[in-house]
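First up is the structure itself, then whatever we jot down about it.
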Amino acid sequence: MTTTETPPRPAPGKRRTKRVRRLVIALVVLVGLLVVADFGAAAIFEYQVSKRARDQFDLSDDPAVKVGGFSFLAQAISGEYGHVTIDAKGVPVEDTLRDLEVHIELRDVQAPLGDLVSGSLQEVKVREVEGQVKVKASDVNRAIASNRNNLIRSITNVKIDPISEQDAITDPDSRTDAEQEAAERAAEAEIEDTTAGARVCATANIGGDETEMCAYGIISLVEGAKMTFTPNRIELSNSVLGGGQLSPEADALLKQILNFTLDPGKLPFTVTPTAVTVEPGVLSVKGTANDVVLGK
């Protein structure tokens, strides 16, 4: 008589472990597919916006576009995107400004999913746009070098730093304690506006000698997006003009040399310029616009 042994059945705990493992693997695969789909859809949208921004700015290369928010697919299904940024570098304006940077914040962007997927997207509607054009110190050097005046053209090594408007107007070393406290309170209350404090340092050839100087003054927004720097006081690091103590004639001359105007052109998307800002090595003009259509 032959007996057949029945194989032992897996314990209930082991069966549950296998089911959980399969479920976890399935979820991981699903999440991976959703992530891939999310990145793929975002890439399509960013390409469409970048192409239209390139045409609108008349750029030689596509600008970088990035969509904010946790899930692009959730935004794409609704056809509305909360925050999109566009960055373009090396933007030329005429012959002197050749390395501008353009930064744009788009808020409440509308782009139907069907048009996006089919590639038939013609217009991208934007409720609010904030645009910024940055001018680097290298372009300031280039603009000054194009001046017809030989003395002004001799300026090199331009460096830009932000300071408070109070420090641009008066020398902190000459203030009383009460004046210094008032200046600090005023600096804390400063907001982005049509003026900003700046320190512009440079080297100039004066009388055949290299003279290092720093001008403390105000950057002002004038005539659309143009920026003008007006020095209020001059400090010299090394000079043949009499030990750091300038005569009125020399002071007026150096202020004239370091007084300049930059024209970065029109801001994108018909943005109206509203403020100037100063960062280390950079001067910029900002503005906003509402109800803009990208692609017109």
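The values are calculated or read from the model by the stated rules, or taken from the named source; none is laboratory data. Only a predicted model underlies this, so the values are computations on that prediction, with no experimental measurement involved. All Cβ positions, glycine included, derive from the backbone under ideal geometry; neighbour counts span all protein chains shown.
Things worth noting here:
- For residue 157, the criteria (1) assigned to a helix (DSSP H, G or I); (2) modelled with pLDDT of 85 or more; (3) surrounded by fewer than 16 Cβ atoms within 10 Å (Cβ to Cβ) hold in every case but one, which is (1).
- Screening residue 259 against (1) within 22 Å of the chain's Cα centre (by Cα); (2) surrounded by fewer than 20 Cβ atoms within 10 Å (Cβ to Cβ); (3) modelled with pLDDT of 80 or more leaves a single unmet condition, (1).
- Cβ-Cβ contacts under 6 Å between residues 6 or more apart (or on different chains), taken from a first residue in the stretch 129-147 that is over 14 Å from residue 279 (Cβ atoms) to a second residue that is assigned to a helix (DSSP H, G or I), are listed as 129/269; 131/268; 145/153; 147/153.
- So residue 231, is it touching a Gly at 6+ places or on another chain (Cβ under 6 Å) and either buried (at least 17 other Cβ atoms within 10 Å of the Cβ) or at pLDDT below 90 (or both): yes
- Any pair with Cβ under 6 angstrom, 6 or more apart, that starts in the stretch 148-166 at a residue that is assigned by TED's automatic domain parsing to the domain that holds residue 180 and under 24 Å from residue 185 (Cα atoms) and ends at one that is part of a strand (DSSP E or B) and of a type outside the set (A, V, I, L, M, F, W, C): 161/199; 163/197; 163/199; 164/197; 165/197
- When residue 191 is tested against (1) surrounded by 16 or more Cβ atoms within 10 Å (Cβ to Cβ); (2) closer than 21 Å to residue 284 by Cα, just one condition goes unmet, and that condition is (1).
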